[in-house]
Amino acid sequence: MESLRELYKVGCGPSSSHTMGPKLAAEQFADRTTGADAYRVTLYGSLAATGRGHLTDKAILSVLEPLAPTEIVWRADVVLDFHPNGMLFEAFKGGLIVDSWTIFSVGGGSLANEQSVNTLPESIYPLTTIQQIKEWCYNEGKTYWEYVEECEGKEIWDFLDHIWTVMTESVERGLNNDGVLPGGLKVARKASTYFVKSKGYAGSLSSRARIYSYALAVAEENAAGGTVVTAPTCGSSGVLPGVLYHLTTSREFIRIRVLRALATAGLFGNVVKSNSSISGAEVGCQGEIGVACAMAAAAACQLFGGTPAQIEYAAEMGLEHHLGLTCDPVCGLVQVPCIERNAIAAARAFDANTYATLSDGSHLVSFDKVVEVMHETGHNLPSLYRETSKGGLAKRLSPEEKR
């Protein structure tokens, strides 16, 4: 498995696979085609189907258009074999194609194709399943975050410290922003209202309202194109920071403990990314919101003193109970149902933590088995439920029926 630096990435929303990935691809293509006098970029499959709503064209044009005139071609009817998020970059000089490059945005802001799949970032984790890592924990008398440190080195804490800073800033910006989100659905921001209302309640209702508000804050920032951290994607970026921000402000956990929780969460997300997918276009929203919920549940369970078995159980529930979740964003925007799902998944992560903590950690279905089932389920979903906006809510809810 790759470093957590390849999972947690800082970038602008609204989509890691549809915005961050294509922008990175455009930057790499620009670097190799200096002197081109025109560009053409053909978007295939899911990228073409929901690219306008996800600002894919704007992300690419922001890089290439200042260099030379750039044409965007939309081919939603063509799905390339390697991955649903395909792109063909072409550079022209004197009317002739001087360079072309087919690349895929495979989720979480990462790129790959048939040629580069064997030259991806270095694998630094020798153990690639949670079962193997859990056994290591019990054999060594350690826990998940210590395995991360073992593989990544102590310098990982400086990286995670920066990641937590960006996450915190995204929560606080979102809480202080009001107004309508861009895109045409006229979805109003709700985070600040939920936060204010939370102060009028007591006990568990106040706690739940705050969890909602923190997760909404980040998800709304992402939908507005603000800076967020992929956890594991932009579309699911509100779940983990929402949970951890709530715990730091209500339970006063010190910073290093939060960073260790981030390490554990990242380890679980990394296992899914390595053994299945975190791309909504490939496996549906279960790979985004489901994985984010699992990561947040694992982080919360660790902070509350869970054993490795209890932490694995919490993560397993977070993912298992999102199995089959479709990705059918209305108008191709990362707004409906995406923003709301971040809030609900954050609360569900708390529930999974509580349930697991009450147990002794023993359970029938392992996290690794759920990852296998998620992979199988995702690939069995019809394409109209995998980020193409051709089915489900996207088909049945028109802009006029906006929330």
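Here are the numbers for this structure:
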{"item": "Within region 19-88, helices (runs of 4 or more DSSP H) holding 3 or more residues that are over 30 Å from Tyr385 (Cα atoms)", "result": "21-32"}
{"item": "Pair list, Cβ under 6 Å, 6 or more apart: region 155-176 residue among the small types (Gly, Ala, Ser), other residue part of a helix (DSSP H, G or I) and modelled with pLDDT of 95 or more", "result": "Ser170/Val218; Ser170/Glu221; Gly174/Ala191; Gly174/Ala217; Gly174/Val218; Gly174/Glu220; Gly174/Glu221"}
{"item": "For Glu387: the one exception among (1) at pLDDT below 95; (2) open to solvent by 30 Å² or more (accessible area, probe 1.4 Å)", "result": "(2)"}
{"item": "Of residues in region 89-115 being among the small types (Gly, Ala, Ser) and farther than 28 Å from Leu384 by Cα, the one nearest to the chain's Cα centre (by Cα)", "result": "Ser100"}
{"item": "Residues of region 194-212 satisfying the condition of being of a type outside the set (A, V, I, L, M) and either in contact with a Cys (Cβ under 6 Å, 6 or more places away or on another chain) or within 13 Å of Phe350 (Cβ to Cβ) (or both)", "result": "Ser204, Ser207, Arg208, Arg210, Tyr212"}
{"item": "Residue under evaluation Phe195, criteria (1) surrounded by fewer than 18 Cβ atoms within 10 Å (Cβ to Cβ); (2) without any contact (Cβ under 8 Å) to a residue 40 or more places away in the chain; (3) not in a loop (DSSP other than H, G, I, E, B), criterion not met", "result": "(1)"}
{"item": "Tally, over region 75-85, of residues that are in contact (Cβ under 8 Å) with a residue 40 or more places away in the chain and either exposed (fewer than 15 other Cβ atoms within 10 Å of the Cβ) or within 16 Å of Ile60 (Cα to Cα) (or both)", "result": "1"}
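Yes/no matrix, rows are residues, columns are (1) of a type in the set (D, E, K, R); (2) under 17 Å from Gly332 (Cβ atoms); (3) open to solvent by 30 Å² or more (accessible area, probe 1.4 Å); (4) without any contact (Cβ under 8 Å) to a residue 24 or more places away in the chain:
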| residue | (1), (2), (3), (4) |
| --- | --- |
| Gly35 | no, no, yes, no |
| Val41 | no, no, no, no |
| Thr50 | no, yes, no, no |
| Glu65 | yes, no, yes, yes |
| Pro69 | no, no, yes, no |
| Met87 | no, yes, no, no |
| Val98 | no, no, yes, no |
| Gly108 | no, no, no, no |
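The values are calculated or read from the model by the stated rules, or taken from the named source; none is laboratory data. Everything quoted here is computed from the prediction, not taken from an experiment. Counting neighbours? That spans all protein chains shown, and the Cβs are built from the backbone with ideal geometry, glycine included. Quick note on the areas: whole protein, heavy atoms, side chains included, nothing else; ligands and nucleic acids left out. Shrake-Rupley method; radii C 1.70, N 1.55, O 1.52, S 1.80 Å.
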